[in-house]
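The structure under discussion appears below in the form of structure tokens.
The values are calculated or read from the model by the stated rules, or taken from the named source; none is laboratory data. Please read all numbers here as calculations on a predicted model, not as lab measurements. Neighbour counts are summed over all protein chains in view; Cβ atoms, including those assigned to glycine, are modelled from backbone coordinates with ideal geometry.
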């Protein structure tokens, strides 16, 4: 950025050439493009990706909780079925 200021200040009367705005525009465009790329990289790595990771982590925890509840319900049902089958089997052997 400092070289832009030097370029803007370097208008010596000996050369009698005025500073032409069209000569600065490509440099400003390059600096602007580079600034946008740096900002986008910073924003992506510090804001966007962490938000996505947090949302994914929360969703995964909710899915795991639902899965655990369903598995617990299925295990309870299977235990009840086994105990009913065992009771039926013992009653069937007695007769």
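So the values come out like this:
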{"read-out": "Sole exception among (1) surrounded by 10 or more Cβ atoms within 10 Å (Cβ to Cβ); (2) at pLDDT below 95 for residue 68, by number", "value": "(2)"}
{"read-out": "Single residue of 76, 30 found to be modelled with pLDDT of 90 or more and part of a helix (DSSP H, G or I)", "value": "76"}
